[in-house]
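No value in this document is a laboratory result; all are computed from the given coordinates. None of these values were measured; they are calculated from a predicted model. Neighbour counts are summed over all protein chains in view; Cβ atoms, including those assigned to glycine, are modelled from backbone coordinates with ideal geometry.
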Amino acid sequence: MATIRAVSKRSLTLLTSTRTPGAPASEVTAVRLFVVPLLALLCLVAACSSSPAVTLPAGKDLVAKSAQAMRTVKTVAFTIATEGKPPVPVKHAEGTLTGQGAAKGTIQIQVLGNLQELNFVLTGDTVYFKGPTGGYQTMTRQQLAGIYDPSAILDPDKGVAHLLATASDPRTEAEEKVGGTDAYRVAVTLSQQVIATLVPGVGQGVNGRVWIDKATGRLVKTSLPVGTGANAGTVVVTMDDYDAPVTITPPAKQ
């Protein structure tokens, strides 16, 4: 733009200056016939090259739309990962959930200082779980809730939909891609009571971020920084494969 302005200034000076004594009138006319179209072209290029500012949707509208969209989810694949040393017992989990409360997958959980990896299947009121060796054992859904219940993620009254509906001070920060999905990144403040249902061990409110699918309004990622000092880190939850056909049945007897 600075170059265009410099060219324009010199050209305008030439156009408006008086003819040099002794210079033929035809020479000045020829210069004018060349410069005027050139100036018009340069101005057009400058106008076309300037990009208008992108207006992002209001964060309040985005989280409200996402809360509603998450209430109607039938199935979803999820991953919970941790970065750093957040003070939470669940270090990693992944699996599939249904809106009816069924779930299956794997989970790494800290129990009495030891990291245990378990396979789990949750159907009805029964939870089937097993470690690296041995067969499946069972517990009730109520017993599981005292440790960690992944099926709560899609519960409309206490899961992700409730998390979004109760988020405060939502602020849209940017447009980003998450796993190939176009999304809005929204900063939110989340209460400890709501987060603890989804991520046990969180003892404080969190200033986190959520990524919301631009097309569907569904949640694709959540980032929750928790803890302080040496015991600090981030819990990252990702969700995809929405409403894919899923069948969850009790494991075969061994």
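Among residues that are farther than 16 Å from THR82 by Cα, touching a strand residue (DSSP E or B) at 6+ places or on another chain (Cβ under 9 Å) and surrounded by fewer than 21 Cβ atoms within 10 Å (Cβ to Cβ), PRO200 is not included. Picking from residues in segment 116-141 that are without any contact (Cβ under 8 Å) to a residue 12 or more places away in the chain and of a type outside the set (Gly, Ala, Ser), the one that is surrounded by the fewest Cβ atoms within 10 Å (Cβ to Cβ) is THR133.
Within segment 86-101, not a single residue is among the basic types (Lys, Arg), within 28 Å of PRO225 (Cα to Cα), touching a residue at least 40 places away in the same chain (Cβ under 8 Å) and surrounded by 15 or more Cβ atoms within 10 Å (Cβ to Cβ). Residue pairs whose Cβ atoms lie under 7 Å apart, sitting 6 or more positions apart in sequence or on different chains, and linking a residue in segment 237-253 that is under 25 Å from THR197 (Cα atoms) to a partner that is outside any strand (DSSP E or B) and not β-branched (Val, Ile, Thr), are ASP240/GLY179; TYR242/ARG218; ASP243/LYS74; ILE248/ALA102. Within the set VAL210, VAL237, VAL186, VAL160, the sole residue that is over 25 Å from THR98 (Cβ atoms) and surrounded by 18 or more Cβ atoms within 10 Å (Cβ to Cβ) turns out to be VAL186. Of the residues in segment 82-94, not one is part of a loop (DSSP other than H, G, I, E, B), more than 20 Å from MET239 (Cα to Cα) and over 30 Å from the mean Cα position of the chain (by Cα).
Test of understanding: among GLY179, GLY217, GLY159, which residue is touching a Leu at 6+ places or on another chain (Cβ under 8 Å) and farther than 21 Å from VAL88 by Cα? Answer to the selection: GLY217.
Residues that are over 26 Å from ALA58 (Cβ atoms) and among the small types (Gly, Ala, Ser), at least 1 per element: which helices (runs of 4 or more DSSP H) completely within segment 136-254 meet that? Show your work before the answer.
Details: elements: 141-145, 160-165, 192-198.
Counting at least 1 such residues, we get 141-145, 192-198.
Answer yes or no: is there a residue in segment 169-192 that is closer than 22 Å to THR234 by Cβ, free of Cβ contacts under 8 Å to residues at least 40 places away in the same chain and more than 17 Å from the chain's Cα centre (by Cα). Within segment 169-192, one or more residues are closer than 22 Å to THR234 by Cβ, free of Cβ contacts under 8 Å to residues at least 40 places away in the same chain and more than 17 Å from the chain's Cα centre (by Cα).
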